[in-house]
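Report on the structure given below.
The values are calculated or read from the model by the stated rules, or taken from the named source; none is laboratory data. All of these numbers come straight from a predicted model, not from anything done at the bench. Here the Cβ positions follow ideal geometry from the backbone for every residue, glycine too, while neighbour counts run over all protein chains shown.
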Amino acid sequence: MLAMAFRAVNSRRHIGLQQLSSLAWAGRTLLGPMRSCKFVVDESTNESMLICSALRLIESLDLTSAAGQLLNETIQAQNKEFKIGMSTLLFLVGAWSNAVLECLQQNVPVSAIVSVMSEGLDSCCEEVQCLQISVHDVNKELCSISVRPSASESKASQIPGHSSLNHQIFLYFQKDISASERVPRNSCFPQEADCNFNKGLVWPLASFGSVASLVRSVDDKSTSVVSGSGVSASICKQKKLTHSRYFSTVAKSHVSTHLSDCQVYLSGQSARTCECCGLGYLAMALSHGNQPSVKLLQSIVEYQHERAECSGSSQFSIAEIATCCLPGLPESYSCVCPGFIALVSPEQATVIKYFQDKSLWILLMDGDLTEQYRHLGFTKPRNVKTVVEYPSLQEGGSRDLWLSNMLDILISLKVNLVLVKGDVCENLMERCIANNILVIRSVTQNVLSAFGKVTGAQPVTYLTQLRAACLGSGVWVELWKGCDERAMELGQLVPVRIKVQGIPLLTAVLTTTVASKMQLIEDQFWTFVYRLHHALKDGKVFLGGGAVEFLCLSHSQMLAEQSLKLADKSAVKESHSPQLAASSSEYKAVVLRALATGWNLYLSVIMCNTAKAASEFEARTLIDHHLQKAADCGSPSAYVLKEFRRGGMFRGCSIPSAGSEEGVKVYDNVTAKMEAWRRALDLVLLVLQTDAEIIIGPKRSQLLNSHSSSEFMFL
Amino acid sequence: MSCLEAKKPSLFISEPLTTVSQPLSLLIAILKSCYGPAGRLKQLHNGVGGYVCLTSQSSAILGRLSVSHPVLKVLTASVQNHVSRFSDCGLFTAILCCSLIENFKNLNIASCTVIKISKHLLSLCTDYLKSEACGCRVSVDFSNLETLLCLVRSILTSKPACMLNKTEVDHLAVLIVKAFMFTVPCHPEAKPVLGKCVTVPVKGRRVLDSTVIPGLLIETPEIQFAKPFPVRRTTSDTVKVAVFCVSMSGDLFDPEEGTVTVHRRISLEMSELDQLLNVGKQLVNDEVGLVVCQKVIHPSLKQYLKDNHVVAVDRAGLSVMEPLSQVTGNELVLYWLAAMIYCTNDHRLFYENSKGVDCSQTQYQLIADAFCHSLESVACSLSHDDGEILTDMAYGHCWLVPSGFPSVTNWSDLLSKCGCRINSSTKDLNWRHLRPLFGSSPIENCPKEPSVKVADFMMLDCFAAKYNGLQVAVETANLILDLSCVIEDQN
């Protein structure tokens, strides 16, 4: 007779809020530009992965609790819409959960917490509007910086404050680099070649040694419950560990003397100062110290700018960027190439030799290329029996029939290259190689679109649909060569480059010798791409470096003080019921202070992570000091603006410039950031307003028999 | 080979009311805690990391709960039926019904007497609500949008899980009223028919991006390689539309039983596709410019249509099918309008001796008390932070006291507006606590009619929904009281 279990949530020690707070605690080191990475270890397979984003963390955590599930959904939703701001969201969820628990301890009614908190945040969002600056103004400002003579010899495209440490870094890494991996002079980003070499190596130094904590997973998921202090994690089995150690052997073959014309062309672009295109500077300000990605993105921006001038298309198009991860190569090999770069097997690579200097016919397929594949929404019939008249025909089976049919179609239409969105049947792949047809699987939608647009190819779902009109032409394929002009083979895979005259698609080749860093590098690259994308979409950016959060903190504290004054003042006597007004003002002050706690914690954790403060205590003292100064100044927003211009408290955390007093100015995204705040607070308030969990489905009967059945009521 | 299983005998449960107390009180606790703008949310999930539904809405909760007690099954089915018709006042109906059952059950009076008298009390309530003297009814002034906006805002603010701030509530309220205005025909005929409003939920966008568009918006999967091509138009420059509600994915018919034996050289799939392409040819011949399919269209057919400049939209979903057939020229469906609205937060109480009901004065008093306390207990469940609930002796409206003021002698100083914000407190008002457990002295006279002036902050409810909810609650409670046995088919 029991169909549902029901668990009441204790209102004072709200379980859901505690769960949120402990889950979010795991992500506190992921905040800010100098985030520490985490190793996620799957104990069942012994595979490990380096993660650096809240999204990856949340994917690795055990989230069977309802609150955890909601947190996951919130972070996924932010990711889906913005691809950025997830770490901020995760952190604030934790900070505000704790703050709200404090309010509950002080007997503040739930409805008061909900209304004051959300009104408080709305008010903060309005207050920080004065810290917005239009993208246009950023470009002007940064351009004016760049024309100033810099201490370094290289020209304006040199990132301020960069050269001083180059030498050191060079020395640091020199001993680790074998002669064979030396980057030649004519590399992707030549300013002065030596300088460039050094710069390519900045990244490892920045990210090495920052592995702060190890998140261990527990074999038995059911036992890995969230406890008050710690969180256990486990890697989802379906996760693609793209950087298994087998990928990391570097073989040096296919040394070719071919000159990579396109790369040279790109290099030529990036050597210029780019007054024409301020986006490069904006990119730098949004990079938050991620130098290697800055260089890649600046190349992309310049290339796209060039195109935009010719074709009148948009300035920066995220759909025309692809990435190709090559674990096993030094990070200095990272570069941007027009066209599409994919990894193929050595057998497939042999086909390419046959293609040399030949214009090819291309076919795009938007499903799988297997016999079993059917389009979405198609249900296979049951109860259908096939009869065969002559047993001799059955020899090869229907499978062979399908294979030869498909191959016939490809051969008769003279298809050379097939890009498939999904999987490809192994046997067909082999037969294609034998017939000099290159088939590439797992190609993303935007890559297919780019090839479709420029070659005129129309994607098909089945080969049986194929007509000559669906094919595209003018495609060239070659082995991809790194900046040293050598083709290479990485373990079992060979990078090949597919290009078409005038294709807007760019591939960022991401390389690292540390296989477990591959995912992290790709994530960071995309984060950065999306930051620029959203900045342009918003048309404005926030002053970064914590300026916005500081103003929020100062503003919510001021609101709290105001309502306290209101509670004391005789002014309330004018209202209908002074008692009521006084009491609600007191609640208001408590809740607004709780809101401020979140900002305060955010700032102090960032200051600790970026080593601006040695301890949380020191950070708080510093924040209090600035708060006091801001209050004395009369207008906190004016104070923040002044500090930002001065490069004081809100300076970037990049390596300080040798020549100038100024630190690098940093900017943040507007909409993504404010949405992250709002989503974080909404989640906390939703969980706060929950007073019961209702468990439906088969789990109920298990609960009934379990030792925790006393916690539940059954309906 | 099929296996026949012997049918199980039906289960006979006598006196189902004797075992309902514990699950009923749990259900009532869940429902009461959800009630009103400050209602608490529930997390409904399967306990093993599945999808979590966060809600305080009766339709979402009752739809997912699988209650097994036959009495509760009757109750939830009846509430769900009400919600499916009115989309409002589900919690009110459910809480009132549960309270009535609980209170009547404890009376120890023959159920037929209880039923008779409660029916009589119901008729008194409904008569009053419909009468001109009704003090909690506001008529809608259609020359002014304020009342409609109030109603929409009240409903929106009673959904805490939406997490809407004031700006968003205002924005949505205006949109909803605007959408309603669009449904009113410009040229009234003898029998005016209202248009229909279709909601298209778009995930991942901000509330303030919501908008009302005249016409029908159909979501399509991202049109690949979107090179817009000129849509085929008829000679009169309009686009012919063909609407399919069956799947065009090339599925084979699924024989329920038996097997289809096919020769190897014949491909059922191919012949099915040929049929589809024939349909496509027909469409092209008929000068159709747009094909909308509720389900999936086979890629080959899509390709064929595209080559012939016909736009094909598949996976349109059930929700747009009916409006689409309307837009494209079929008859319009009557849209029901709630014109009368009354104040949500107070419940009129009546005591009147009735003639013609065969029972003692004491019995009548007890039943009427139980009836009133049930109504009061609905009002009381509006408070969730341990605050007091009062009613004034003049208007009979409900007043919410925030928590933290346990016993103030002069309530008039503390309170400024009643729950629905129609009445302001004055020094001469008399107060009493609304506590459903303790009998308290009722209002002696008929409540005064407040001087109703609609202001933008009033809390309003849909009259028709609440009126019907009241009837459903009382009638369902009566039905349940009358249950003497339940026969359950176990197969």
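Among the residues in the stretch B:326-344, are any more than 30 Å from B:Ala473 (Cα to Cα), outside any loop (DSSP other than H, G, I, E, B) and at pLDDT below 80?
Scanning the stretch B:326-344, I find at least one residue that is more than 30 Å from B:Ala473 (Cα to Cα), outside any loop (DSSP other than H, G, I, E, B) and at pLDDT below 80, so the answer is yes.
Being modelled with pLDDT of 90 or more and closer than 15 Å to A:Met649 by Cβ is the filter here, so list the residues in the stretch A:609-621 that pass it.
Scanning the stretch A:609-621 gives A:Glu618, A:Ala619, A:Arg620, A:Thr621.
Looking at the stretch A:329-388 only, could you name the residues that are more than 11 Å from chain B (Cβ to nearest Cβ), hydroxyl-bearing (Ser, Thr, Tyr) and assigned to a strand (DSSP E or B)? Let's see the steps before the verdict.
Of the stretch A:329-388, the ones more than 11 Å from chain B (Cβ to nearest Cβ) are A:329-363, A:368-373.
After this cut, where a residue has to be hydroxyl-bearing (Ser, Thr, Tyr) as well, the list is A:332-334, A:345, A:350, A:354, A:359, A:370, A:373.
Answer for the stretch A:329-388, where residues must be more than 11 Å from chain B (Cβ to nearest Cβ), hydroxyl-bearing (Ser, Thr, Tyr) and assigned to a strand (DSSP E or B): there is none.
Let's see how each residue does on (1) away from chain B (no Cβ under 14 Å); (2) buried (at least 19 other Cβ atoms within 10 Å of the Cβ); (3) in contact with a Cys (Cβ under 8 Å, 6 or more places away or on another chain); (4) closer than 20 Å to A:Leu506 by Cα:
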site: A:Leu419; (1), (2), (3), (4): no, yes, no, yes
site: A:Ala434; (1), (2), (3), (4): yes, no, no, no
site: A:Lys453; (1), (2), (3), (4): no, yes, no, yes
site: A:Leu471; (1), (2), (3), (4): no, yes, no, no
site: A:Cys483; (1), (2), (3), (4): yes, yes, yes, yes
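Conditions: (1) within 14 Å of chain B (Cβ to nearest Cβ); (2) at pLDDT below 90. A:Arg56 meets all but one. Number of the miss?
Unmet condition: (1).
Could you pull out every one of the strands (runs of 3 or more DSSP E) wholly within the stretch B:242-319 that has 3 or more residues that are away from chain A (no Cβ under 12 Å)?
Working: elements: B:260-263, B:288-293, B:311-313.
Per the criteria, B:288-293, B:311-313.
So which strands (runs of 3 or more DSSP E) are wholly in the stretch A:432-506 and hold at least 3 residues that are of a type outside the set (A, V, I, L, M, F, W, C)? Working first, answer last.
Numbers: elements: A:438-440, A:472-479, A:494-500.
Counting at least 3 such residues, we get A:472-479, A:494-500.
Under the condition of being touching a Ser or Thr at 6+ places or on another chain (Cβ under 8 Å) and part of a loop (DSSP other than H, G, I, E, B), which residue from the stretch B:102-153 is surrounded by the most Cβ atoms within 10 Å (Cβ to Cβ)?
B:Val140
Name the residues in the stretch A:59-79 that are of a type in the set (A, V, I, L, M) and either without any contact (Cβ under 8 Å) to a residue 24 or more places away in the chain or more than 9 Å from chain B (Cβ to nearest Cβ) (or both), would you? Full working, then the answer.
Quick first cut of the stretch A:59-79, residues of a type in the set (A, V, I, L, M) only: A:61, A:63, A:66-67, A:70-71, A:75, A:77.
Once the filter is applied, which keeps residues that are of a type in the set (A, V, I, L, M) and either without any contact (Cβ under 8 Å) to a residue 24 or more places away in the chain or more than 9 Å from chain B (Cβ to nearest Cβ) (or both), the stretch A:59-79 yields A:Leu61, A:Leu71, A:Ile75.
Does the stretch B:156-165 contain at least one residue that is farther than 30 Å from B:Val313 by Cα and more than 14 Å from every other protein chain (Cβ to nearest Cβ)?
Going residue by residue through the stretch B:156-165, those that are farther than 30 Å from B:Val313 by Cα are B:156-165.
Applying the additional criterion that residues be more than 14 Å from every other protein chain (Cβ to nearest Cβ) yields B:156.
Yes.
In the stretch B:62-97, how many residues are surrounded by fewer than 17 Cβ atoms within 10 Å (Cβ to Cβ), in a loop (DSSP other than H, G, I, E, B) and within 13 Å of chain A (Cβ to nearest Cβ)?
2
So is B:Asp127 in the same structural domain as B:Tyr35 (by TED's automatic domain parsing) and free of Cβ contacts under 8 Å to residues at least 60 places away in the same chain or not? Talk me through it step by step, then tell me what you get.
Numbers: in the same structural domain as B:Tyr35 (by TED's automatic domain parsing): yes; free of Cβ contacts under 8 Å to residues at least 60 places away in the same chain: yes.
So B:Asp127 fits the description; yes.
Please state which of the following conditions A:Gly502 fails to meet, knowing it meets all the rest: (1) more than 28 Å from A:Ser53 (Cα to Cα); (2) modelled with pLDDT of 90 or more.
Just one mismatch for A:Gly502, condition (2).
Return the residues of the stretch A:679-702 that are at pLDDT 70 or above, more than 16 Å from A:Ile15 (Cα to Cα) and more than 7 Å from every other protein chain (Cβ to nearest Cβ); say none if nothing qualifies. Spell out the reasoning first.
If we filter the stretch A:679-702 for residues that are at pLDDT 70 or above, which is where we start, we get A:679-698, A:702.
Checking the rest, the ones that are also more than 16 Å from A:Ile15 (Cα to Cα) come to A:679-682, A:696-698, A:702.
Correct list: A:Arg679, A:Ala680, A:Leu681, A:Pro698, A:Gln702.
In the stretch B:203-219, what count of residues is obtained for those that are within 14 Å of another protein chain (Cβ to nearest Cβ) and out of contact with any helix residue (DSSP H, G or I) (no Cβ under 6 Å at 6 or more places or on another chain)?
Pass one, the stretch B:203-219, residues within 14 Å of another protein chain (Cβ to nearest Cβ): B:203-209.
Add one more test, that the residue is out of contact with any helix residue (DSSP H, G or I) (no Cβ under 6 Å at 6 or more places or on another chain), and what stays is B:203, B:205-206, B:209.
Final tally of qualifying residues: 4.
Do the conditions hold for B:Ala465, that is, is it surrounded by fewer than 19 Cβ atoms within 10 Å (Cβ to Cβ) and either out of contact with any Leu (no Cβ under 6 Å at 6 or more places or on another chain) or at pLDDT below 65 (or both)? Let's see the steps before the verdict.
Values: surrounded by fewer than 19 Cβ atoms within 10 Å (Cβ to Cβ): no; either out of contact with any Leu (no Cβ under 6 Å at 6 or more places or on another chain) or at pLDDT below 65 (or both): yes.
No, not satisfied.
Might you let me know whether the stretch A:110-128 holds any residue that is away from chain B (no Cβ under 14 Å) and more than 31 Å from the chain's Cα centre (by Cα)? First the steps, then the outcome.
Our first condition is that a residue be away from chain B (no Cβ under 14 Å); within the stretch A:110-128, this holds for A:127-128.
Filter again for more than 31 Å from the chain's Cα centre (by Cα), leaving none.
Looking through the stretch A:110-128, none of the residues is away from chain B (no Cβ under 14 Å) and more than 31 Å from the chain's Cα centre (by Cα).
Yes/no per residue for (1) part of a helix (DSSP H, G or I); (2) crowded, with 20+ Cβ neighbours inside 10 Å:
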| position | (1), (2) |
| --- | --- |
| A:Val41 | no, no |
| A:Thr45 | no, no |
| A:Ala67 | yes, yes |
| A:Ala77 | yes, no |
| A:Gly94 | yes, yes |
| A:Cys103 | yes, yes |
| A:Ala112 | yes, yes |
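Right, B:Ser33: crowded, with 17+ Cβ neighbours inside 10 Å, touching a His at 6+ places or on another chain (Cβ under 9 Å), under 30 Å from A:Thr64 (Cβ atoms) and in contact (Cβ under 8 Å) with a residue 12 or more places away in the chain or not?
On the way: crowded, with 17+ Cβ neighbours inside 10 Å: yes; touching a His at 6+ places or on another chain (Cβ under 9 Å): yes; under 30 Å from A:Thr64 (Cβ atoms): yes; in contact (Cβ under 8 Å) with a residue 12 or more places away in the chain: yes.
So B:Ser33 fits the description; yes.
Give the stretch B:17-61 a look and list any residue that's more than 7 Å from chain A (Cβ to nearest Cβ), of a type in the set (Val, Ile, Thr) and in a loop (DSSP other than H, G, I, E, B), or say none. Before the answer, list the steps.
If we filter the stretch B:17-61 for residues that are more than 7 Å from chain A (Cβ to nearest Cβ), which is where we start, we get B:17-22, B:24-25, B:28-29, B:31-32, B:34-37, B:39, B:50-51, B:53, B:55-61.
Checking the rest, the ones that are also of a type in the set (Val, Ile, Thr) come to B:18-20, B:28, B:55, B:61.
Matches in the stretch B:17-61: B:Val20 only.
Looking at (1) without any contact (Cβ under 8 Å) to a residue 60 or more places away in the chain; (2) closer than 24 Å to A:Arg497 by Cα; (3) out of contact with any helix residue (DSSP H, G or I) (no Cβ under 7 Å at 6 or more places or on another chain), can you tell me which one A:Glu302 breaks?
Tallying (1) without any contact (Cβ under 8 Å) to a residue 60 or more places away in the chain; (2) closer than 24 Å to A:Arg497 by Cα; (3) out of contact with any helix residue (DSSP H, G or I) (no Cβ under 7 Å at 6 or more places or on another chain), A:Glu302 fails exactly one: (3).
Would you mind telling me which numbered condition in (1) assigned to a helix (DSSP H, G or I); (2) of a type in the set (A, V, I, L, M, F, W, C); (3) closer than 29 Å to A:Ser584 by Cα A:Val108 fails?
All conditions are met except number (1).
Condition first: in contact with a Pro (Cβ under 7 Å, 6 or more places away or on another chain), closer than 30 Å to A:Asp668 by Cβ and among the polar types (S, T, N, Q). Now tell me which residues in the stretch A:491-537 satisfy that.
Residues satisfying the conditions are A:Thr511, A:Thr512.
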